[in-house]
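Chemist: Okay, handing you the structure first.
The values are calculated or read from the model by the stated rules, or taken from the named source; none is laboratory data. Small disclaimer: the values here were computed from a predicted structure and weren't measured. Methodologically, a virtual Cβ is constructed for each residue, glycine included, from the backbone with ideal geometry; neighbour enumeration extends over all protein chains shown.
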Amino acid sequence: MFSKKIACIGAGYVGGPTMAVIALKCPEYKVQVVDINADRIKAWQSDRLPIYEPGLDEVVRKARGRNLFFSSDIDAAIRESDIIFVSVNTPTKTFGEGAGRAADLQYWEKVARQILRASDSPKIVIEKSTLPVKTARTMEQILNANGKVRFEVISNPEFLAEGTAITDLLHPDRVLVGSRETPEGLRAREEVVDIYANWVPRERILTSNVWSAELSKLAANAFLAQRISSINSISALCEKTDADVSEVATAIGMDSRIGARFLNASVGFGGSCFKKDILNLVYISESYGLEEVARYWESVLDINEYQKARFVRTMIHEMFNTIVAKRIALFGFAFKADTSDTRESPAIHVARKLLEERAQLAVTDPKALANARVDLAGLEGVDFLEDPYEAARGAHAVAVMTEWEMYRGLDWEKIYESMEKPAFLFDGRNLLDHARLHRIGFNVYPLGKPALKHF
Ligand code: NAD
Ligand code: UDX
């Protein structure tokens, strides 16, 4: 009764939302999402989904049980499906050749071998994970190793951002489908285009060769991260010159060639993608002997490390060069607002450095506290508190790590009253009304803007 049968291996931040939207928009397809992590699958089957993403609950509720299914039976899903998306994780390698830079493709290769073992009919295998350029060739070699059945490998990188995943999936700027340019490759390409054409205007569905698709994903993330490092580097200069980084960003961004988005100075970019994908780009460039290209992109990461370190240095310096035993409240731990994800969150770096200086930390976050506990497990001197007012009580400083909208609406007079004096506020996201906080009595340290102090 279903016109297409789709499986997705990997039920994470990409696999879950992506498949939920495909199922929602294509009720005539059967969509099965599978994972080796049985707990994750149980959570996807329950009312408490394993990830927080605005709008996700509603989409899952509409499609689950109708044409969207979550299961741990990976072989069965592979066997039954004609199209298999693979969205397993591709972290940075931590060992051996390329450690700290190259992508660790062991999960992907395991999946390719499992697809090969479990298949008894031709399949289209789609790279949804972000992979190094030329990975499709390796996958083809593994998948077509025994000639049992024919596999076509397609690159269909995902461009969603966490926190806006559902909107990004429903209204993508573009969908990219890369394939081999053989007759079979082009046929597979069309099959994948047809899925998205159910709700994405055709002119937004781009097709390309498979290598361009793989590389475009790495390059897009590198360009986005590069904008943040660029504005963050300017924020350091603003602090020395009394320029205001928000005013500079507005002036730069009104140039239509540059554009206004992704120019918010911050304590640094985090998330599971930017660092990993740039490291990967650097590694690939080096492996082709392109040293200058590698160094260029590596500098984007260097500035990000510099920005995080600079933020902590400012805190210590301004708090009279010692924070030993001082309570510091970290407002937010997620790598950005509207997600529970803390992977590579700048808050992890800041927390560790402050603890090294023997500060006492109170961490609060509306959605990411469970992950924060894991990230800081085993470290002494950290309280985890749901309530930001409790976190700030008795603190010498509040440091805003995540731009949660709710922090703007807090009763900052009340927070100020409950804190040690002088009370410091370090705004790592330029989220709050600094003039008002200063009037309340805080010594305020925005990013890339003059500090507002009382001494
Ligand atoms: P994730 O860690 O949230 O999810 C990956 C899932 O794959 C996990 O649940 C894991 O258990 C599962 N898995 C691993 N090996 C498996 C196997 N052999 N069989 C079955 N399941 C297996 O990762 P994610 O954030 O969803 O990212 C997945 C990929 O998508 C990565 O390559 C990432 O770079 C890319 N990507 C991520 C984002 C994002 O915003 N998170 C956006 C675009 C692209
Ligand atoms: C990113 C890409 O945006 C997305 O297209 C890709 O598919 C996955 O990687 P994500 O990491 O989920 O998405 O979030 P993003 O909105 O890009 O933010 C990444 C980091 O940059 C966050 O820590 C965010 O706070 C920071 N950021 C973003 C800034 O510091 N300043 C900005 O102007 C924008």
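Chemist: For region 191-213, give me the residue count where each residue is part of a helix (DSSP H, G or I) and either surrounded by 17 or more Cβ atoms within 10 Å (Cβ to Cβ) or touching a His at 6+ places or on another chain (Cβ under 6 Å) (or both).
Modeler: If we filter region 191-213 for residues that are part of a helix (DSSP H, G or I), which is where we start, we get 191-196, 202-204, 210-213.
Right, trim to either surrounded by 17 or more Cβ atoms within 10 Å (Cβ to Cβ) or touching a His at 6+ places or on another chain (Cβ under 6 Å) (or both) and you get 191-193, 195-196, 210, 213.
Going through region 191-213 one residue at a time, the tally reaches 7.
Chemist: Here's a follow-up. Quick one: which of ILE83, ILE41 is more than 13 Å from ligand 1 (Cβ to nearest atom) and of a type in the set (Val, Ile, Thr)? Before the answer, list the steps.
Modeler: On the way: ILE41 fails: more than 13 Å from ligand 1 (Cβ to nearest atom).
That would be ILE83, the only listed residue that is more than 13 Å from ligand 1 (Cβ to nearest atom) and of a type in the set (Val, Ile, Thr).
Chemist: Here's a follow-up. Tell me the helices (runs of 4 or more DSSP H) entirely within region 80-186 that contain at least 1 residues that are in contact with a helix residue (DSSP H, G or I) (Cβ under 8 Å, 6 or more places away or on another chain) and closer than 18 Å to TRP211 by Cα.
Modeler: Numbers: elements: 106-118, 135-143, 165-170.
It comes to 106-118, 135-143.
Chemist: Just the residues that are part of a loop (DSSP other than H, G, I, E, B) and over 22 Å from PHE311 (Cα atoms), please, taken from region 395-431.
Modeler: Within region 395-431, the subset part of a loop (DSSP other than H, G, I, E, B) is 395-396, 401-404, 408-411, 419-423, 428-431.
Result: GLY409, LEU410, ASP411.
Chemist: Right, next: Specify which of the listed residues (ALA435, ALA423) is touching a strand residue (DSSP E or B) at 6+ places or on another chain (Cβ under 8 Å), surrounded by fewer than 24 Cβ atoms within 10 Å (Cβ to Cβ) and either within 19 Å of PHE320 (Cα to Cα) or modelled with pLDDT under 95 (or both).
Modeler: Values: ALA435 fails: either within 19 Å of PHE320 (Cα to Cα) or modelled with pLDDT under 95 (or both).
Just a single option satisfies the conditions, and that option is ALA423.
Chemist: Filter region 208-243 for residues that are of a type in the set (Asp, Glu) and away from ligand 2 (no atom under 16 Å from the Cβ) and give the result. Lay out the reasoning, then the answer.
Modeler: Step one: filter region 208-243 for residues of a type in the set (Asp, Glu), giving 214, 239, 242.
Passing the criteria: GLU239, ASP242.
Chemist: Taking VAL363, is it within 22 Å of LEU431 (Cβ to Cβ), buried (at least 24 other Cβ atoms within 10 Å of the Cβ) and within 16 Å of ligand 2 (Cβ to nearest atom)? Let's see the steps before the verdict.
Modeler: Working: within 22 Å of LEU431 (Cβ to Cβ): yes; buried (at least 24 other Cβ atoms within 10 Å of the Cβ): yes; within 16 Å of ligand 2 (Cβ to nearest atom): no.
No: the conditions fail for VAL363.
Chemist: Say we look at region 52-78 and pick out the residues that are part of a loop (DSSP other than H, G, I, E, B) and modelled with pLDDT of 95 or more; which of these is nearest to ligand 2 (Cβ to nearest atom)? Let's see the steps before the verdict.
Modeler: The initial filter retains those residues of region 52-78 that are part of a loop (DSSP other than H, G, I, E, B), namely 52-55, 65-67, 72-73.
Next, only the ones that are modelled with pLDDT of 95 or more stay: 53-55, 65-67, 72-73.
Values: GLU53: 10, PRO54: 13, GLY55: 15, GLY65: 28, ARG66: 27, ASN67: 25, SER72: 26, ASP73: 29 Å.
Selected residue: GLU53.
Chemist: Just one of (1) within 16 Å of ligand 2 (Cβ to nearest atom); (2) within 18 Å of LYS128 (Cα to Cα) trips up ILE195, so point out which.
Modeler: (1)
Chemist: Still on this structure: What are the residues in region 405-431 that are among the small types (Gly, Ala, Ser) and touching a residue at least 60 places away in the same chain (Cβ under 8 Å), if any?
Modeler: First, the residues of region 405-431 that are among the small types (Gly, Ala, Ser): 409, 418, 423, 428.
Matches in region 405-431: GLY428 only.
Chemist: Answer yes or no as to whether GLN106 is free of Cβ contacts under 8 Å to residues at least 12 places away in the same chain, surrounded by fewer than 16 Cβ atoms within 10 Å (Cβ to Cβ) and within 16 Å of ligand 1 (Cβ to nearest atom). Let's see the steps before the verdict.
Modeler: Details: free of Cβ contacts under 8 Å to residues at least 12 places away in the same chain: yes; surrounded by fewer than 16 Cβ atoms within 10 Å (Cβ to Cβ): yes; within 16 Å of ligand 1 (Cβ to nearest atom): yes.
Against the criterion (free of Cβ contacts under 8 Å to residues at least 12 places away in the same chain, surrounded by fewer than 16 Cβ atoms within 10 Å (Cβ to Cβ) and within 16 Å of ligand 1 (Cβ to nearest atom)), GLN106 qualifies.
Chemist: Would you say ARG48 is of a type outside the set (Ser, Thr, Tyr), modelled with pLDDT of 95 or more and more than 24 Å from LEU160 (Cα to Cα)? I'd like the intermediate steps shown before the answer.
Modeler: Details: of a type outside the set (Ser, Thr, Tyr): yes; modelled with pLDDT of 95 or more: yes; more than 24 Å from LEU160 (Cα to Cα): no.
Against the criterion (of a type outside the set (Ser, Thr, Tyr), modelled with pLDDT of 95 or more and more than 24 Å from LEU160 (Cα to Cα)), ARG48 does not qualify.
Chemist: Being without any contact (Cβ under 8 Å) to a residue 60 or more places away in the chain, polar (S, T, N, Q) and more than 13 Å from MET315 (Cα to Cα) is true for just one of THR402, THR364. Which residue is that? I'd like the intermediate steps shown before the answer.
Modeler: Details: THR402 fails: without any contact (Cβ under 8 Å) to a residue 60 or more places away in the chain.
Residue meeting the stated conditions: THR364.
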